[in-house]
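Enquirer: Can you read through this structure? Questions will come right after.
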Amino acid sequence: MAPWQVVGLSRWPARRALRTMKSTENSTSRDSNPPVAHRSFIETNVTRNTAADTSAASAAAGTSAPSAAEILPELYRQMSIARAIDREAVNLQRTGALPAYAPLIGQEAAQVGSGAAIDKRYDFAFPTYRELGVAVAMGVDLTGYMATHLASWHGGLYDPVASRFAPIQAVVAGSVLHAMGWALGQKLDAGLAPVGRAPNEASAHDSSNPDANEPAATEPDTSSAPIGAAIAYFGDGASSQGDVHEAMNFAGVYTLPVVFFCQNNGWAISVPTENQVAGGSVSARAAGYGLPSEKIDGNDVAAVYEATARALNRAHSGGGATVIEAMTYRVGPHSTSDDPGRYRSLDEEQSWRARDPLKLCEKRLRDEGLAGDEFFTEAAAHALEVSEQVRAGILSQVDRPMHELFDFVYAEPPAALLAQRDRALEEIS
Amino acid sequence: MTMTADTRPRTPHTETRHLSMQQALNLALEHSLAADDRTLIFGEDVGRVGGVFRVTDGLQQKFGAARVFDTPLAESGIMGMAVGLAMAGWRPVPELQFDGFSYPAMNQVISQMARMNNRSRGTMPMPITLRLPSFGGIRAPELHGESLESLFAHVPGLKVVSPSTPNEAYHLLRQAIADPDPVVFMEPKSRYWQRGDVLLPAPSDTESDAATAEHETTTPVGTSNVVREGKHATLISWGAMVSTCLQVAEYAAEDGVELEVLDLRWLKPIDAAGIQASVSKTRRAIVVHEAPLTAGLGGEVSAIIMERCFDALRAPVERVTGFDVPYPSGALEDAYLPNADRILNAVQKTLEYRRG
Amino acid sequence: MAEISFELPDLGEGLVEARVLEWLVSIGDMVTRGEPLVEVETTKSAVELPSPQTGVVVTFHAEEDDLLHVGDTLVTFEVDDEQAGIVGTVPKAEAPERRVRLQLPDD
Amino acid sequence: MTPTATTQEVRGSLEIHYEVTPGDRPILLVHGFASNSTLSWVNTGWLTAVEEAGRGAITVDLRGHGQSTHLHDAERYSPQLMAGDLVVALDAAGVPADSPVDVIAYSMGCRVALALAEVAPKRVRRLVLGGVGTRELFAEWDPDAAEAFLTEGTTADDKLMQQTLTIAMSVPGNDPLALLACIRGMAGGPVTRAPDVPTLVAAGERDEVASDAEELAAQLGAEFVSIPKRHHFTAVSSRVFKQAALDFLS
């Protein structure tokens, strides 16, 4: 019988329960074609709110990316959307429409803040399976994103190349090396060698010269377009994987345009960070690879946005990789079939509600007069509307046709596989 | 799904309990920990929370955090650590949480664990049991439904086994842990909740190795098990597919066709003699596995049948397997996995076959 | 399905007992961890206790006005413990459907 | 976990502790004698209920209570002085002077809330007064008996006072000298003037302290709701009280 540890009620710090969005009854009208819930929303709204292009690239091209304060209302709206869809997904799992779902609740600021700093013209995001907030901030087709949780297609049904958002990755730290490799690709496109003093100059290893193997900082070439940057998402659990250490070392050796974005949310299923991260800090390890790092409050969306923009700017101008450790908290369970009661106290969970990213952002918006009651009412209503569009999109999803088992295995499928497919289709029908 | 009780002669047991496979595995781990204080259990989420499938539930509370403990989230680290622990005289039982998570550990499994005894000329055996929830059928995300038996079976130095029932799960896990060599223990995760009668050795035996040693003589490593006698054709499979084949045999019986169902159990070493005995009798063979067709273990079994039963065969061996595609997401699982109709079609092909 | 029971938790400041004022959920309700569950009265004040568990409420071990000591069983939940490894679903144990018939050869 | 908006609004040597829960049209919550914001509004589930209703909240620890300064001289305690503290807290919390707030108060807090409606009528939109009647308890108490009980523990003949003071002393952080000063300072004539804002009075059916709450409602021209089966200390967390208050204020 699990002891119910609610200790010292009078000192119970849970001051502000999460603002619980009322999910209204399923809208009666069922759209025939699943709406592209979200993509258009971002384009119109981002430009509506801020004259300057949000892209960090404009920093390289002289006009600076908008400051966090300028787009703070927009960041709040996107966090509300992420939370509304997250809540809807949990409901859909409860009603059996989704087999399982890994909620992001509590990590909206770390995801929307970093996602909003990404410039989709040049950069590329490498998510895991919990980055719904980044997908929202980057305008990924959210019904297509949720397809992975609907178990209709592992990687999701959005277009990763067009979205600049790699397919959903179920393997912990699975895509961190990919982000590093993609970043090298950008560097090579910019005419720079992996290791080398100047563009295209052969990096002859002159052993007699003691600092020959000192990788000179490649001269940033800011005249032309910035070097595209990769941003790799992983958690405190994933930081134990060898891939992460190898990726950071390569990025250091090659001075690559990549941002290693760790959402330290305190838990890897049942293992707390103190039993996962020796030394207690993922960002501290960056020094070992010669990389700069920042440890930030992952629940302060403005701080996340600005730290990510700094790191992306450094990457764009040839300054190389950065490690960002966003301290946040996984308020919900690991997934809908995980029971946190088996490994952590209710007190701990509720103490983080006082650090709710939406609450913190709302407080700053109100204090600085950037938004009033009508803004928050409208934001909540809009978030609900988007989540209902995504819900309708999910519920109208039809299972993938059987031939899709075979369609994408190869770019050029061998005859034997096509024959196997034909026999299978015949036998099944 | 009807499960026939295990019919083979068993060690003298004193107790039969109706358990799920997950409970049977939990009990086997508990008895193994009690029987040998050098046995260790570790992996992701296996200690405090008892494993994501609850297979190690309660063991840390019973045996303490020095015998059952959680590890950081790093599969290569887990297996490399297991090799080091074995070199230090421990009997590690690591868990890799899902089949697809074993890929990062392949370097340690193949180039270290499987070869250490050989490299050290027998002075450093690897009594490691790698527990691996395997195969598909639970609509899980990508890389949570892989069938890797042919990869592991191809590696010299590894033994590979997969239980098909709760009773097999108990006895084979005890046997694997007691084995001095590294054993990849592939648990069919879609059958974790399937219940069956488990024949338990006398409680006193659990403390001594007697129970396991005695068990050894009746079902040595590498022996298969005829779970249903028949005469018209033999269905050969392992793990989760055995109960599918039993169901097919019941359907076949409705049409007067008596199918023998052979549970291979050990995928390395494979029971060639057992295959030969059954196929020589029925003279037709259908191999069923979830893994993709090409270079799957079905090929190996077919070669054994060709080599040993060539003259007895009245039809080519049929293989009913997964397609040569990555294991799909939940929506397409049922189209991918061998089902009753596909197996019955293959059986009918062997029945109709006439030599040219 | 498994049943998990919870005791009256330690209410702090050395309080040893409490009286149930009002249950805020009813038997059969699906409750999420952290949601308001029950109001109790201590010698000092009234307190609203959050649910420690996500699950379906199956038994109240104390009715309104009953006195309970810290450690007495208070509530039992029914929890779906057949979790399919955190990420999957438990397969239904039904026989696969069949369409193909067999025909023995005549020889 | 530090609350998001602790401030020290120094009035002489006085610090008033308040906390803000962001949300629409925040509600000012005023606790009662010997209590504090956490005990009265957090542990009772009020903050959760206010948030569920989509509103924000401002909780203030009255002087002599909770994390505010524990003054020991009686003449620095009066409903008007404490109402002044509420105004200071509202300003510090960024509530514009021209947008009145809804107020929910309990027990002694009601006298402070009524004083606020009197001292700064433009700051109050609607009033909910819980656990209060026409009786002014402190006026009925013998302050010396209270002092004797609080400082030496000599039993008092007024059983209700003794029970209240016993509970008061069981709350961690309470300072007997401050409570005594509060009793002496707040003891005064019963309030009869009706506030010119819509008001709801609520009291537990078995609340001896507020046994004539209905009569007070009549005097104030206010609505009244009785909270079944609850006495003075258990009415606070009742769902009936919360629902009635939040409906009245919506």
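The values are calculated or read from the model by the stated rules, or taken from the named source; none is laboratory data. Note that the structure is a prediction, hence the values are computed from the model and not measured. Note: ideal-geometry Cβ built from the backbone for every residue, glycine included; neighbour counts use all protein chains shown. The area values use the complete protein model at the heavy-atom level, side chains included, leaving out ligands, DNA and RNA. Shrake-Rupley method; radii C 1.70, N 1.55, O 1.52, S 1.80 Å.
Enquirer: Anything over 32 Å Cα to Cα? Flag those among D:Lys122/D:Lys242; B:Lys62/B:Lys159; A:Lys295/D:Lys242, in the order listed.
Expert: Over 32 Å apart, Cα to Cα: A:Lys295/D:Lys242.
Enquirer: Where the accessible area of the protein assembly as shown is counted over protein heavy atoms with a 1.4 Å probe, how much of it, in %, is carbon and sulfur?
Expert: 53
Enquirer: Would you mind checking which residues have amide H under 5 Å from B:Val68's amide H? H placed 1.01 Å from N; only 5 or more apart, or other chain.
Expert: Residues meeting the criterion, in which the H sits 1.01 Å from N, are B:Ile41.
Enquirer: Measuring from label point to label point, each 7 Å out along Cα→Cβ, what is the C:Glu3 to A:Arg344 span in nm?
Expert: With each label placed 7 Å out from Cα toward Cβ, I get 3.0 nm.
Enquirer: Follow-up. At a probe of 1.4 Å, how much accessible area disappears from chains C and B on forming the pair, both sides counted, to the nearest 100 Å²?
Expert: Approximately 2400 Å², summed over both chains.
Enquirer: I'd like to check one number: the per residue accessible area of region B:225-352, probe 1.4 Å, reported in Å² as a whole number.
Expert: Computed with neighbouring chains in place, this is 30 Å² per residue.
Enquirer: As a test of the formula, what do you get for the protein assembly as shown when each DSSP H run with n ≥ 4 contributes -39,500 (n - 2.57) and the sum is divided by the residue count, at 222 nm and rounded to the nearest 500 deg cm²/dmol?
Expert: It comes out at -10000 deg cm²/dmol, rounded to the nearest 500.
Enquirer: What are the residues whose amide H is under 5 Å from the amide H of B:Val160, where those residues sit 5 or more places off or on another chain and H is modelled from the backbone?
Expert: When sequence neighbours closer than 5 places are left aside, the close amide H contacts are B:Val184, B:Leu267, B:Lys268.
Enquirer: What number, in percent, do you get for the relative contact order of region D:87-135 if the mean sequence gap of Cα pairs under 8 Å and at least 6 apart is divided by its residue count?
Expert: Result for region D:87-135 is 44 percent.
Enquirer: Below 14 angstrom from the Cβ of A:Phe408, what's the summed charge of the other residues (Lys, Arg +1; Asp, Glu -1)?
Expert: Net of charged neighbours comes to -4.
Enquirer: Can I ask one more? Kindly tabulate the residues in region A:352-373 with an accessible-area decrease of at least 40 Å² between the chain alone and the assembly of all protein chains, using a probe of 1.4 Å.
Expert: A:Lys359, A:Lys363, A:Asp373
Enquirer: Provide a list, ordered by number, of residues in region A:232-249 showing at least 40 Å² less accessible area with every protein chain present than when their chain is taken on its own, using a 1.4 Å probe.
Expert: A:Gln241
Enquirer: If packing is taken as the average count of other Cβ atoms within 10 Å, what order do A:102-114, A:345-357, B:53-65 fall into, highest mean first?
Expert: A:102-114, A:345-357, B:53-65
Enquirer: Let me ask something additional. Probe radius 1.4 Å, ligands and nucleic acids left out: can you give me the accessible area buried at the A-B interface, summed over both chains, in Å² to the nearest hundred?
Expert: 3000
Enquirer: What is the Cα centroid distance between region C:46-107 and region A:372-402, reported in whole angstrom?
Expert: For region C:46-107 versus region A:372-402, the Cα centre distance is 30 Å.
Enquirer: Given a 1.4 Å probe, how much area per residue of region B:15-218 is accessible, in Å²? Mind dumping the intermediate values first?
Expert: Working: 6450 Å² over 204 residues.
Result: 32 Å² of accessible area for each residue.
Enquirer: Also, I was wondering about something else. Other chains' Cβ within 10 Å of C:52-62 residues: what's the mean?
Expert: Mean partner-chain Cβ count within 10 Å for C:52-62: 2.
Enquirer: Using a 10 Å cut-off on Cβ atoms, rank the peptides B:288-294, D:30-36 from the highest mean neighbour count down. Numbers along the way, then the final one.
Expert: Numbers: B:288-294: 21.6, D:30-36: 25.4.
Those peptides, ordered most packed to least, come out D:30-36, B:288-294.
Enquirer: I'd like the Karplus ³J(HN,Hα) series for region B:130-142: coefficients 6.51, -1.76, 1.60, θ = phi - 60°, whole numbers in Hz, and an x wherever there's a Gly or Pro.
Expert: Working through the residues one at a time gives 8, 7, 9, x, 10, 6, x, x, 10, 6, 8, x, 4 Hz.
Enquirer: Separate question: Count, for each residue of D:229-238, the Cβ atoms from other chains sitting within 10 Å of its Cβ, then give me the mean as a whole number.
Expert: Details: counts 4, 5, 2, 0, 6, 10, 2, 5, 11, 5.
Mean partner-chain Cβ count within 10 Å for D:229-238: 5.
Enquirer: Related question: Tell me the total accessible area that A and C bury against each other, 1.4 angstrom probe, in square angstrom rounded to 100.
Expert: Roughly 2200 Å².
Enquirer: Tell me the per residue accessible area of chain D using a 1.4 Å probe; a whole number in Å² is fine. Please report the intermediate quantities before stating the final value.
Expert: Numbers: 9180 Å² over 250 residues.
Accessible area per residue, chain D: 37 Å².
Enquirer: Around A:Tyr343, what is the net charge, scoring Lys/Arg as +1 and Asp/Glu as -1 over all other residues with Cβ under 14 Å from its Cβ?
Expert: Here the count lands on -4.
Enquirer: Ranking request for peptides D:148-158, A:138-148: highest mean number of other beta-carbon atoms within 10 Å first, then the rest in descending order. Walk me through the numbers on the way to the answer.
Expert: Numbers: D:148-158: 13.2, A:138-148: 25.5.
Ranked by mean Cβ neighbours within 10 Å, highest first: A:138-148, D:148-158.
Enquirer: Can I ask one more? Looking only at other chains, what is the average number of their beta-carbon atoms within 10 angstrom of each beta-carbon in A:402-411? Show your work: numbers first, answer last.
Expert: Working: counts 6, 2, 6, 11, 3, 1, 2, 5, 2, 0.
Going residue by residue through A:402-411 and averaging, the value is 4.
Enquirer: Which cross-chain or sequence-distant (5 or more) residues have an amide H under 5 Å from the amide H of C:Glu7, H modelled 1.01 Å from N in plane?
Expert: Hits under the 5 Å cutoff: A:Trp4, C:Leu74.
Enquirer: Here is a follow-up. How large is ³J(HN,Hα), in whole Hz, for each residue of region A:84-93 in order, when computed from phi with the Karplus curve 6.51 cos²θ - 1.76 cosθ + 1.60 and θ = phi - 60°, using x for Gly and Pro?
Expert: With coefficients 6.51, -1.76 and 1.60, one gets 5, 5, 4, 5, 4, 5, 5, 4, 4, 5 Hz.
Enquirer: Another question, then. HN-Hα J couplings of region A:407-415 from phi, Karplus 6.51/-1.76/1.60, θ = phi - 60°, integer Hz, Gly and Pro as x?
Expert: 5, 10, 5, 10, 5, 10, x, x, 4
Enquirer: Around A:Leu291, with a cut-off of 15 angstrom between Cβ atoms, what is the net charge of the other residues, counting Lys and Arg +1 and Asp and Glu -1?
Expert: +1
Enquirer: Additional query: Between B:Met124 and C:Val16, take the C-beta separation as r, use R0 = 60 Å, and let me know the FRET efficiency to the nearest 0.05.
Expert: On the way: r = 59 Å, r/R0 = 0.98.
Between B:Met124 and C:Val16 the formula returns 0.55.
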